[in-house]
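Reviewing the structure listed below.
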């Protein structure tokens with residue numbers, strides 16, 4: 001039987017550090033950004049960010065997401081820890097660590113993610129919609145923004161690119177089953193970018 005190790009009543013970073021060291025399934029809430037929970041294991045940690053290996057509802061690992069620690073409103077051990085651990089083991093699911101993954105800032109996070117996956121999901125906060133995802137390939141970094149060539153929901157590449165300011169970004173995801181499927185259908189972009197056609201993310205229909 002799994003022994004549940006309770007976390008002490010400590011600060012968020014201390015709880016994240018403890019879960020990282022113990023490899024315990026956790027759940028994370030960001031009430032200001034999005035309702036609900038993110039479930040998974042902390043596999044990377046810096047002063048401002050944490051890298052999570054997500055566990056989906058089907059009890060399989062389903063990609064990774066980087067969250068800003070300042071956005072976390074609640075962090076706790078998954079109340080179904082025993083079930084989660086046993087289900088992952090029965091299904092042969094193994095936690096895969098990512099070596100040399102930089103968590104310094106959004107630029108280095110996006111660049112690190114692109115070394116592990118062909119496309120990424122840059123998730124930005126929009127006033128009425130909450131967190132909205134923009135998916136594609138990182139093609140550049142500016143002093144205050146990521147530049148992404150996007151894929152639409154039908155796996156078609158846009159002919160231009162979008163700006164995503166660091167102050168808009170809430171999380172960056174990669175390596176999920178959905179993102180892999182988009183990439184498999186879309187393939188590499190075959191057409192060059194339209195010259196000087198870059199638009200701000202807020203102008204995307």
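Where a number appears in this text, it was derived from the coordinates with a stated rule and is not lab data. These figures come from a predicted structure and were not determined experimentally. Heads up, the Cβs are rebuilt from the backbone with ideal geometry, glycines too, and the neighbour counts pull from every protein chain shown.
Once the Cα gyration tensor of the chain is diagonalised, what are the square roots of 5 times its eigenvalues, in whole Å and ordered largest first, as equivalent ellipsoid semi-axes?
Largest first, the chain gives 31, 19, 14 Å.
Report relative contact order for the range 105-205 in percent, whole number only (criteria: Cα-Cα under 8 Å, sequence separation at least 6). Write down the numbers at each step before the final one.
Numbers: 170 pairs, mean separation 27.6, N = 101.
So the answer I get is 27 percent.
Given Cα pairs under 8 Å that are at least 6 residues apart, what percent is the relative contact order of the chain?
Reported as a whole number, the value is 17 percent.
Which order do the peptides 45-52, 94-101 come out in when sorted by mean C-beta neighbours inside 10 angstrom, highest first?
The most tightly packed comes first, giving 45-52, 94-101.
So, by mean Cβ neighbours within 10 angstrom, what's the order for 162-171, 54-63 with the highest one leading?
Output ranking for 162-171, 54-63: 162-171, 54-63.
Determine, for 126, 85, 18, the number of other Cβ atoms within 10 Å of each Cβ, and report the residues in order from fewest to most.
Going from sparsest to densest Cβ surroundings: 126, 85, 18.
For the range 105-205, what is one quarter of the convex hull surface built on the Cα atoms, given in nm²?
Values: hull surface 25.0 nm².
Across all orientations, the range 105-205 yields a mean hull projection of 6.2 nm².
Could you tell me whether the range 1-102 comes out rounded, prolate or oblate from its Cα gyration tensor? Rule is a ≥ b ≥ c as square roots of the eigenvalues, rounded for a/c under 1.5, then prolate if a/b exceeds b/c, otherwise oblate. Write down the numbers at each step before the final one.
On the way: a/c = 1.44, a/b = 1.29, b/c = 1.11.
It comes out rounded by the Cα gyration axes.
Extension gain residue 116-residue 32, at 0.36 nm per residue separation less the Cα-Cα distance, in nm?
27.3 nm
Would you please put 34-42, 105-113, 150-158 in order of how densely packed they are, using the mean number of other Cβ atoms within 10 angstrom per residue and starting with the highest?
Descending mean neighbour count gives 105-113, 34-42, 150-158.
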